[in-house]
1. Near residue 339, within a Cβ-to-Cβ distance under 11 Å, what is the net charge of the other residues, with Lys and Arg +1 and Asp and Glu -1?
2. Considering Cα pairs under 8 angstrom that are at least six residues apart, work out the relative contact order of segment 161-298 and quote it in whole percent.
3. Nearest-5 percent of antiparallel DSSP beta bridges in the chain?
4. Could you please state how large a percent of the accessible area of segment 161-234 is carbon and sulfur, counting protein chains only and using a 1.4 Å probe?
5. Could you go through segment 335-349 in sequence order and give the Karplus-derived ³J(HN,Hα) for each residue, using 6.51 cos²θ - 1.76 cosθ + 1.60 with θ = phi - 60°, rounded to whole Hz, and x for Gly and Pro?
6. For the chain, list the cysteines whose Cβ sits under 4.7 Å from no other cysteine Cβ?
7. Summing -39500 (n - 2.57) over the DSSP H runs of n ≥ 4 in the chain and dividing by its residue number, what mean residue ellipticity at 222 nm do you reach, to the nearest 500 deg cm²/dmol?
8. Per residue, how much accessible surface does the chain expose to a 1.4 Å probe? Answer in Å², no decimals.
Amino acid sequence: MTLPQRVEHLIVGAGFAGLCAAIKLTEDGETDYLVIDKGHDVGGTWRDNTYPGACCDVPSQLYSFSFARNPEWTSSYSPQWEIQDYLRTVARVYGVRDKIVLSTELEHAEWDDEAQLWRCRTTSGELTARTLIAGAGGLSEPRLPEIEGIDGFEGALFHSARWDHSVALAGKRVAVIGTGASAIQIVPEVQKVAEHLDVYQRTAPWVIPRNDRVYSRPERAALRRLPALSKLYRTGIYWAHEGYVPMFTWQPKLGKPAQKAALVNLHKGITDPELRAKVTPSFRLGCKRVLRSNTYYPALAADNVDLVTDSIARVTPTGIVTADGVEHPADVVVVATGFWTTELPIAERIVGREGRSLAEEWAAGGMAAYKGTTVHGFPNLFMMVGPNTGQGHTSMVFIIEAQVAYIRDAVRTMRREGYAAVEPHVGAQRRWNANLQRRMKHTVWNTGGCSSWYLDSHGRNTTLWPKATFTFRRLLSRFDPAAYVMYAVRPDADREAVA
Ligand code: NAP
């Protein structure tokens, strides 16, 4: 498809965030938009993460749009393929599929202050847009470990989010580096087929049981026929999860029962005292993402699995050498080492009013936005899943819907009042972030005794939201012009700051 030369709204990413923005803008009659995505399909993270065992650890009833509840989920925690199918269906049913251009990556976007629009270069051509809605995701760019010799490995080596399905694992010696949310889903599946599996653990995670179950046909029929029931069910799950907020954000001691449940899970899955000791976490539950699995510990305890806790010294063409000098042979290495989260690659490509990229803007103090969505110096940039919007206990879809409500209202306000652009006041953005960082001091993420992808190189938590999600929704329910510089539409070159 040839790109149009100009659109009102350019949406980057066709995952949950981009699709939600497209659907809701359409509802408002804002149909002059385009969604671009570098992938071959919609789905974002659920398109990319096809590793064996890929599954959502947030209940399926909550991990869907509130306006497109899905009574057909087959189980209480959906596998990847089912979420991907759901997103494809949503894009089609809500009529936004034709507005999506795939295999098209945003290379550069620069705010033209005279023309009051974004000049964008993509791998499929150039275009301008009045607003730039960045929904590229916070967990989309694989972070490969810097290990000596890794490029010289002669077997197959790939990241968990770029699984190479052409590589057969049956009868092979496999190494999995990492023990995070992705790895604990991969390990039980690989253990079933590999001749031998080495799991390289740097930090033992907390793993609580996953109360997964298949929905019966009558249950699904009831959810299909009785929308009020499905809504009630969803609401119940939402509030049950919201109950975890105090434990994460101001009273980490409240996590003790969950920590006990995790230890019971560990003891049930592993009987060998030595292995138990190795997998017992040394930090407070919640400091890193709490993982859910019934199968991870039994897999680690299997005869064909070794948990390697000596640090990795280097990779050789045929295996991995640990700090104790032992070489562990491997045919396949799976790198489950996470993503770029606090130095988002897209930040290097977005250049604001002063000619500085978001990455440059954030280099000194870390990521910061106003309400996780707009950024001083970057008019008409709306970041989805932006700084301090992440969740450790509930569904990101809830946050995404709240952000889209805010963006819609910003666009409506601009239309109604005749403004060309909006940009948060520096003071509003500073106050917002100072308040967040004050709250952070009491959270388990900052006090729990761990390092995690939640914290940046300055030790600041710029990824998570430290309050209840309903508070986030309330704060973003209305666009707040008082916090913004509102630029009037001017046909001539001058910009006029109205407020
Ligand atoms: P992650 O949580 O960042 O875990 C990365 C793992 O790799 C950690 O165990 C880390 O050890 C280890 N690691 C990193 N660099 C290493 C190195 N150089 N040498 C050895 N080990 C290294 O990444 P992830 O598992 O891909 O998960 C990322 C996030 O994606 C999750 O927190 C979650 O939000 C999301 N996710 C969600 C689901 C879901 O079900 N909804 C599933 C998968 C992922 P340390 O702990 O010591 O740093």
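The values are calculated or read from the model by the stated rules, or taken from the named source; none is laboratory data. Everything numeric here is computed off the predicted structure, so don't read it as measured data. Methodologically, a virtual Cβ is constructed for each residue, glycine included, from the backbone with ideal geometry; neighbour enumeration extends over all protein chains shown. Side chains are part of the model used for accessible areas, which takes the heavy atoms of the whole protein and leaves out ligands, DNA and RNA. Shrake-Rupley method; radii C 1.70, N 1.55, O 1.52, S 1.80 Å.
1. That works out to -2.
2. Relative contact order, segment 161-298: 33 percent.
3. Expressed as a percentage, antiparallel bridges in the chain total about 45.
4. Accessible surface attributable to carbon and sulfur in segment 161-234 totals 55 percent.
5. 9, 10, 9, x, 9, 6, 10, 9, 10, 5, x, 5, 5, 6, 9
6. Taking the Cβ cut-off of 4.7 Å, the unpaired cysteines of the chain are 20, 55, 56, 120.
7. Only helices count here, giving -9000 deg cm²/dmol.
8. 42
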